[in-house]
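The values are calculated or read from the model by the stated rules, or taken from the named source; none is laboratory data. Note that this is a predicted model, so its numbers are computed, not measured. Every residue, glycine among them, receives a Cβ derived from its backbone with ideal geometry; neighbour counts consider all protein chains shown.
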Amino acid sequence: MSKPDGPGFVRRVTGKLGRAPEPQVDEDLWASIQLARHAERPYTLDYINRICSDFEEMHGDRLFGDDPAMVAGFGRFNGRPVAIVGQQKGRDTNERTYRNFGMASPEGYRKSMRVMEIANRLGIPVITLIDTPGAFPGASAEERGQGGAISRSMQLMWRLDVPVIAVVIGEGSSGGALGLGIADKVLMLENSTYSVISPEGASAILWRDASQAKQAAQAFKPTAANCYRWGVADAVVPEPAGGAHTDYDQAAAILGQYLERTLVELEALTPAERRTARRDRFRRLGPLRDPENGMAMVSGRDTPPPG
Amino acid sequence: MSRVGRNINVSFERLRHLGHRQDRPRRIASDAGTCPKCDSHYSADEMRRNMRVCPACGHHFAVTARERLEQLGEPGGYTELWPDLRAADPLQFTDLKPYVERIRDAESSTGMGEAIVCAELEIRHVPCVAAIMDFSFMGGSMGAVVGEKFARACEYAAQKGVPFVVLSSSGGARMQEGTLALMQMAKTVIALDALADARVPVIVILAHPTTGGVWASFASLGDVTYAEPGALIAFSGPRVIEETTREVLPSDFGRAERQLANGQVDAVVDRRELAARIGRVLAILAPPPGQAAQGGGSLQWAQDAAGGVGRAAQSFPEAARKAINKILPSSGDDTEGGK
Ligand SMILES: [Zn+2]
């Protein structure tokens with residue numbers, strides 16, 4: 001191939017400069033990333049319908065429209081009311097188009113914020129289910145303030161007095177995922193990913209070649225276990241053997257147990273305690289070198305996730 | 001001296017030897033330039049005097065963070081905050097080039113330590129804290145250092161009770177720091193609330209380009225938001241949108257003027273008016289002690305401040321140079337690592 005930016009070129013250059021050979025692609029890691037966006041993977045409503053004994057879905061942001069890529073509403077979870085919001089992907093071609101592949105527009109974030117504000121006023125805990133390749137990249141979304149919708153969603157979540165739990169259930173990519181991610185506790189399903197960008201997007205930007213997704217995934221290592229080590233996730237929720245798609249009921253039951261345990265833990269704290277801990281949790285993330293303090297500041301943990 | 005400890009990994013170690021480079025001569029591509037819009041040519045000196053705006057057509061060239069501070073501040077300069085924070089390499093990241101090498105290249109080509117400079121200064125006599133991004137350093141991308149400096153600047157401004165001025169110019173989160181770079185969006189959004197609690201205003205200036213995770217975090221949360229003419233302001237860039245949706249975008253997609261029409265910014269402000277404009281709005285929202293009490297005093301003061309722009313613009317290169325020399329470490333400073 002004659003394309004100068006192809007993998008052959010990379011190998012040649014790195015070889016010439018005497019650097020480590022091209023990293024081996026870890027097939028387990030790639031398999032896990034593929035499971036995170038498996039076509040049969042349970043989506044937000046699959047979990048809601050199993051976790052909640054009752055669910056009232058809300059529609060519309062009261063400003064412009066209703067975004068089917070985002071589901072938001074109130075339900076009963078183990079006898080208590082909860083607000084649940086999350087991106088919703090579609091199963092077949094029609095539904096995928098209807099749900100816009102789980103890529104929310106500003107209306108989606110604003111609907112979700114509307115529900116969270118009600119929950120906060122009524123003292124109802126908030127649970128977010130994150131599953132998106134990113135916020136919708138479209139001219140219409142930009143015109144209606146995609147950036148501000150995401151930042152304000154984060155700001156609102158940080159300001160909530162009620163307990164907030166975020167769960168990455170599948171693919172958590174870019175600011176579109178983080179827009180639902182400011183929580184007291186962040187849980188990640190075993191085969192979910194949380195990344196600054198999708199492997200394909202990274203490949204196109206950093207390798208200037210869309211076919212390097214595997215290598216990009218290898219470089220980002222955005223698995224649940226790694227996110228736990230970095231301090232990005234607080235717990236890794238096990239999936240049924242073979243992945244969540246093999247047994248929806250069991251996957252939802254395990255998630256329900258983790259949510260219950262986490263809620264009980266959070267309900268024991270005062271709103272002020274929760275908010276301080278929520279702020280500090282995000283304030284710590286991101287290692288850097290600070291000569292003033294003599295050392296590198298390191299976030300994260302040395303231990304693998306329990307279980 | 002090796003205060004930067006030994007139990008850090010190889011990439012830290014490699015970076016450690018870089019130290020400060022601000023004192024070395026720097027050549028940036030935009031020192032002299034030809035206007036891409038009207039082909040006028042300007043010497044480095046003309047560029048600097050014109051605040052890197054083409055006098056013929058008004059095209060706004062890129063400006064480094066330190067030059068921004070000279071443009072915005074008073075004679076007497078600014079005090080840079082936390083200049084020593086440096087990136088780590090948490091993922092041991094390599095794409096076409098190792099991350100540590102990209103950092104080293106960025107440091108030597110820009111003379112900067114990171115993509116943001118935080119400083120304490122006065123803008124038209126109003127004391128404030130500023131966080132200024134620099135696109136020339138790895139596309140102004142936000143990694144842990146940008147997030148940390150930004151958060152510290154918020155907390156510092158809140159503690160001092162002075163306004164916070166942000167100038168964004170960034171392609172978004174720094175890919176090479178992966179998920180932890182994404183988390184800086186959360187960190188900066190939360191840190192901004194320290195200013196809300198302290199009841200001081202946040203002024204955001206959107207420079208070209210402000211995209212991705214920076215637009216979707218602190219840059220879209222200003223109390224007052226100005227954009228420079230022609231600045232691209234978008235969450236997703238035009239190329240990504242065209243590739244994903246097959247839409248054909250207008251040539252002014254996401255540009256400041258269009259984002260004004262979309263209701264995303266308060267005003268498009270020419271760079272040559274920027275300091276006066278910030279001074280004016282700060283005089284209204286956060287008058288310095290003593291100015292607030294006199295009815296109408298703030299307005300009069302604002303007009304004075306605005307009138308001062310011409311005088312300041314004429315005198316700033318010399319004064320600014322002095323200010324810079326004052327704050328930069330002299331060469332051979334032992335923060336180089338004692339090598
Ligand atoms: Zn021109």
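Quick notes on this structure:
- Candidate set from the stretch B:71-103 (those that are among the hydrophobic types (A, V, I, L, M, F, W, C), under 22 Å from the mean Cα position of the chain (by Cα) and more than 9 Å from chain A (Cβ to nearest Cβ)); member that is nearest to the ligand (Cβ to nearest atom): B:Leu72
- The helices (runs of 4 or more DSSP H) found entirely in the stretch A:1-100 that carry 3 or more residues being modelled with pLDDT under 95 are A:7-16, A:27-36.
- A:Arg110, sole failed condition from (1) touching a residue at least 60 places away in the same chain (Cβ under 8 Å); (2) assigned to a helix (DSSP H, G or I): (1)
- Of A:Thr270, A:Thr246, all but one fail to be among the β-branched types (Val, Ile, Thr), closer than 25 Å to B:Ala191 by Cα and surrounded by fewer than 18 Cβ atoms within 10 Å (Cβ to Cβ); the exception is A:Thr270.
- Test result for B:Val166, in a helix (DSSP H, G or I), more than 9 Å from chain A (Cβ to nearest Cβ) and buried (at least 22 other Cβ atoms within 10 Å of the Cβ): no
- Qualifying residue in the stretch B:202-222 (condition: more than 7 Å from chain A (Cβ to nearest Cβ) and over 23 Å from B:Gly143 (Cα atoms)): no
- Listed conditions (1) in contact with a Ser or Thr (Cβ under 9 Å, 6 or more places away or on another chain); (2) within 13 Å of another protein chain (Cβ to nearest Cβ) are all met by B:Lys149, apart from (1).
- Single match in A:Ala225, A:Ala277 (criterion: touching a strand residue (DSSP E or B) at 6+ places or on another chain (Cβ under 9 Å) and touching a residue at least 60 places away in the same chain (Cβ under 8 Å)): A:Ala225
- For the stretch B:31-45, a tally of residues being more than 10 Å from the ligand (Cβ to nearest atom) and among the aromatic types (Phe, Trp, Tyr) returns 0.
- Filter result for the condition that a residue is touching a strand residue (DSSP E or B) at 6+ places or on another chain (Cβ under 8 Å) and within 28 Å of B:Pro287 (Cβ to Cβ), over B:Pro229, B:Pro201: B:Pro201
- Within the stretch B:57-70, tally of residues that are within 16 Å of the ligand (Cβ to nearest atom) and surrounded by 13 or more Cβ atoms within 10 Å (Cβ to Cβ): 6
- The stretch A:167-195: number of residues that are within 11 Å of chain B (Cβ to nearest Cβ) and surrounded by fewer than 24 Cβ atoms within 10 Å (Cβ to Cβ): 0
- Options B:Ser251, B:Ser236; residue that is hydroxyl-bearing (Ser, Thr, Tyr), out of contact with any strand residue (DSSP E or B) (no Cβ under 6 Å at 6 or more places or on another chain) and surrounded by 15 or more Cβ atoms within 10 Å (Cβ to Cβ): B:Ser236
- The criterion of at least 1 residues that are among the acidic types (Asp, Glu) and at the interface with chain B (Cβ under 10 Å from one of its Cβ atoms) is met by the following helices (runs of 4 or more DSSP H) wholly inside the stretch A:199-307: A:271-283.
- Lone unmet requirement of (1) surrounded by fewer than 24 Cβ atoms within 10 Å (Cβ to Cβ); (2) away from chain B (no Cβ under 11 Å) for A:Arg159: (2)
- Members of the stretch A:73-89 found to be of a type outside the set (Phe, Trp, Tyr) and closer than 19 Å to A:Leu160 by Cα, listed by number: A:Gly73, A:Gly75, A:Arg80, A:Pro81, A:Val82, A:Ala83, A:Ile84, A:Val85, A:Gly86
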